[in-house]
Amino acid sequence: MAAISPIADSVAAQPRLTDSHGRVIHDLRVSITDRCNYKCVYCRTGEVGAQYPELGIDEYLRLIRLFVSLGVTKVRLTGGEPLLRRGLIDLVRELASLRTIHGEPLNLALTTNGHLLESLAVPLRDAGLHRVTVSMDAVDAPTFERITRIPGSFETVLRGVRAAREAGLTPVKINCVLLRGFNDDQVEGFAHFARREDVVVRFIEFMPLEEGRLWTPEIVVPLKEIVLRISRILPLIELAPNEPSETARRYGFSDGPGEIGIIAPVTQAFCGACSRVRLTSDGKVRTCLFSQVEHDLYGHMRAGESDEELSSYIHRIVQGKEARHHIGEPGFLKPSRSMVHIGG
Ligand code: SAM
């Protein structure tokens, strides 16, 4: 396991990260591997293994710490599949000891396919993780396993979801990417699942970020259709966003527990309120999922730059954050990396 350099409980405050459109950046997504143990049909071509090198745990820590000193208050670990990464528990423990520029603990979350969650939920909670989001694209085993292409995965993930809830990694959020003709018959089943399991189910519109060439506008299941279909069977009520930069439109049920969220980057883009940047597993900064350029922060670090130099590089990168994405517009260009290699 990589040695971990000690980091301070709090970090010296620098000017906050703001882009040239006036948006304040306070949300960092960090991919800690682009390996994945699932081969979801809409994400992977089926090739396994890493395509990009991984940084050492201590190197992720140094870079995350810099972002925190610049005003990041929320860090989400992702991948690839983050639970595959050796040193994850140590990384979570170190991140949990960091303080934001406001002196508060970081808001620390993780996105996983849930396959290894049953045994890792308690160690992750004990290390200081607050919440998990688990990806599930169906609520019946045959559909689920047709998508993940891993036999037995449905029951394994369900046990992971329940273990996370019992460990208090709550609210447990379930991410479901809907694709017309693959799993769009799962909408109503997921609404019942949200209530039964007392979890937040979030439907995500499919974006052109797959390894293959599956995306068309017709395959996207739009927000409006999802809301309409659920409200035919259950009493949905719209809820206020938790924060202004929240990506999901939230709905509760007027007669019971559970919550539905809909993330609609395609039909109702939320770029104007975007507060995110991404760090890839090989240490590149991406200011948008659909960026055509990446910024080699790790390369600057390896060249021996000081924290001050790296901080001003991050400021310059963030200044150039794209105003918005251009999905579905003429001339739209898919980014060179797919979702699994960027970090979802
Ligand atoms: N392995 C982890 C997991 O399964 O959650 C983290 C990485 S995965 C790439 C993160 C999320 O991105 C998953 O919820 C996945 O369904 C979603 N995703 C992958 N490709 C997508 C696409 N083209 N459009 C929208 N969401 C996508």
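The values are calculated or read from the model by the stated rules, or taken from the named source; none is laboratory data. On a predicted model such as this, the values are computed, not experimentally measured, just so you know. Cβ coordinates were reconstructed from backbone atoms using ideal geometry, including for glycine residues, and neighbour counts include every protein chain displayed. In case anyone asks, the SASA skips ligands and DNA or RNA and just uses the protein heavy atoms, side chains included. Shrake-Rupley method; radii C 1.70, N 1.55, O 1.52, S 1.80 Å.
Contact annotation: residue pairs with Cβ atoms under 6 Å, 6 or more positions apart or on different chains, pairing a residue in region 260-283 that is over 28 Å from Lys224 (Cβ atoms) with a partner that is aromatic (Phe, Trp, Tyr) and surrounded by fewer than 24 Cβ atoms within 10 Å (Cβ to Cβ), are Ser281/Tyr52; Asp282/Tyr52; Gly283/Tyr298.
Any residue that is part of a helix (DSSP H, G or I), within 14 Å of the ligand (Cβ to nearest atom) and open to solvent by 10 Å² or more (accessible area, probe 1.4 Å) - is there at least one of those in region 164-171? First the steps, then the outcome.
Taking region 164-171 as the starting set, the residues that turn out to be part of a helix (DSSP H, G or I) are 164-167.
When the remaining residues are screened for being within 14 Å of the ligand (Cβ to nearest atom), the result is 164.
Now narrow it down to the ones that are open to solvent by 10 Å² or more (accessible area, probe 1.4 Å): none.
For region 164-171, residues part of a helix (DSSP H, G or I), within 14 Å of the ligand (Cβ to nearest atom) and open to solvent by 10 Å² or more (accessible area, probe 1.4 Å): absent.
Taking every residue in region 222-243 that is under 17 Å from Val187 (Cβ atoms) and pairing it with any residue that is exposed (fewer than 12 other Cβ atoms within 10 Å of the Cβ), at least 6 positions away or on another chain, the pairs with Cβ-Cβ distances below 7 Å are Pro235/Ser254; Pro235/Asp255. The criterion of at least 2 residues that are more than 16 Å from the ligand (Cβ to nearest atom) and either buried (at least 18 other Cβ atoms within 10 Å of the Cβ) or not aliphatic (A, V, I, L, M) (or both) is met, among helices (runs of 4 or more DSSP H) falling completely within region 64-155, by 88-96, 117-127. Selection of region 292-328 for residues being under 22 Å from Cys274 (Cβ atoms) and open to solvent by 70 Å² or more (accessible area, probe 1.4 Å) yields Gln292, Val293, Arg316, Gln319, Arg324, His326.
Take Thr280 and decide whether it is touching a helix residue (DSSP H, G or I) at 6+ places or on another chain (Cβ under 7 Å), within 16 Å of the ligand (Cβ to nearest atom) and under 27 Å from Glu211 (Cβ atoms). Give the steps one after another, and end with the answer.
Working: touching a helix residue (DSSP H, G or I) at 6+ places or on another chain (Cβ under 7 Å): yes; within 16 Å of the ligand (Cβ to nearest atom): yes; under 27 Å from Glu211 (Cβ atoms): yes.
Spelling it out, Thr280 is indeed touching a helix residue (DSSP H, G or I) at 6+ places or on another chain (Cβ under 7 Å), within 16 Å of the ligand (Cβ to nearest atom) and under 27 Å from Glu211 (Cβ atoms).
Can you tell which of Leu108, Leu83, Leu66, Leu129 is under 30 Å from Ile219 (Cβ atoms) and either touching a strand residue (DSSP E or B) at 6+ places or on another chain (Cβ under 8 Å) or not aromatic (Phe, Trp, Tyr) (or both)? Spell out how you get there, then give the answer.
Values: Leu108 fails: under 30 Å from Ile219 (Cβ atoms); Leu66 fails: under 30 Å from Ile219 (Cβ atoms); Leu129 fails: under 30 Å from Ile219 (Cβ atoms).
The unique qualifying residue is Leu83.
Note on region 227-281: residues that are open to solvent by 50 Å² or more (accessible area, probe 1.4 Å), of a type in the set (A, V, I, L, M) and assigned to a strand (DSSP E or B) total 2. All told, Thr45 meets the bar of being open to solvent by 10 Å² or more (accessible area, probe 1.4 Å) and not in a helix (DSSP H, G or I). Taken over region 188-203, the criterion of being out of contact with any strand residue (DSSP E or B) (no Cβ under 7 Å at 6 or more places or on another chain) and modelled with pLDDT of 95 or more is satisfied by Glu188, Gly189.
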